[in-house]
Amino acid sequence: MEIPQDRAELFARVRSLLSLKAHTDELERAESVLYALARSIEGKDPYTEGHCERLAEFSARLGARVGLPEEQLTALRRAGTVHDIGKVAVPDAILLKPGPLTAEEQVIMRQHPVVGERICAPLKSFRLVLPIIRHHHERLDGSGYPDGLKCDAIPLTARVLQLVDVYDALTTERPYKCAISVPEALAMMEDEVRKGWWDRDLFAEFLQLVAESDGRGRVA
Ligand SMILES: [Fe+2]
């Protein structure tokens, strides 16, 4: 960086750098509050421990594999951690219920993508994260929620995250079910691709990634 000779110019430059730094610090603080909130929800349920980290890493790898640009990969990493942040509005009795939800409970549970989007909306740096949060429970045939979007109307980043989310949920123990093996999980997802829930091409890439990694998208 060229050092300005003029003292006034030097002061002006330092001041603008400091205000930039303050802005960045504030942004970091806001982001870390969101992450802490997301982790506190994850922490309520011992079964989901580590889910956010795995999701962040794995979905960014799948996104890279299908050629998403760096800013979308960053959005996927952030969404991996905060996608379920809206569950803060779901009572524990529903969130941790060790059995199927009633129709009424399902209505409450299904609000979490919309609530999550609202929580993160004020943060400008989360612009690309918002559609992932809102649409991570949509299905290609329109049977998902909250908007019942179909096919390409569902953002690719949301489709990436949801595949990894479904896979991680299947292969991890939850209050209402045991974990199933990787081959069983993949067979089940294959079935769901046939039913029209998930993106066939993306699932093919996903299978390759699982095969080439340790089953969690991590390549040795
Ligand atoms: Fe969710």
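The values are calculated or read from the model by the stated rules, or taken from the named source; none is laboratory data. Predicted model, so just to flag it, every value in this text is computed and none were measured. FYI the Cβ positions are ideal-geometry reconstructions off the backbone, even for glycines, and counts take in every protein chain you see. All accessible areas refer to the heavy atoms of the entire protein, side chains included, with ligands and DNA or RNA removed. Shrake-Rupley method; radii C 1.70, N 1.55, O 1.52, S 1.80 Å.
Okay, here's what the table says:
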| quantity | calculated |
| --- | --- |
| Some residue of region 189-203 being away from the ligand (no atom under 15 Å from the Cβ) and on the phi > 0 side of the Ramachandran plot | yes |
| Residues within region 47-89 that are part of a helix (DSSP H, G or I), away from the ligand (no atom under 12 Å from the Cβ) and within 27 Å of Leu209 (Cα to Cα), tallied | 23 |
| Condition check for Ile133: closer than 21 Å to Ile41 by Cβ and either within 20 Å of the chain's Cα centre (by Cα) or at pLDDT 95 or above (or both) | yes |
| Filtered residues of region 103-138 (kept if within 13 Å of the ligand (Cβ to nearest atom) and assigned to a loop (DSSP other than H, G, I, E, B)) | Arg110, Gln111, His136, His137, Glu138 |
| Members of region 70-98 that are in contact (Cβ under 8 Å) with a residue 40 or more places away in the chain and open to solvent by 20 Å² or more (accessible area, probe 1.4 Å) | Glu71, Gln72, Thr74, Arg78, Asp84, Lys87, Val88, Asp92, Leu95, Leu96, Lys97, Pro98 |
| Residue in region 139-175 that is modelled with the highest pLDDT, counting only those that are among the hydroxyl-bearing types (Ser, Thr, Tyr) and more than 15 Å from the ligand (Cβ to nearest atom) | Ser143 |
| For Asp147: the one exception among (1) closer than 30 Å to Glu28 by Cβ; (2) open to solvent by 60 Å² or more (accessible area, probe 1.4 Å); (3) not in a helix (DSSP H, G or I) | (1) |
| Restricting region 90-102 to residues that are part of a loop (DSSP other than H, G, I, E, B) and β-branched (Val, Ile, Thr), the residue that is nearest to the ligand (Cβ to nearest atom) | Val90 |
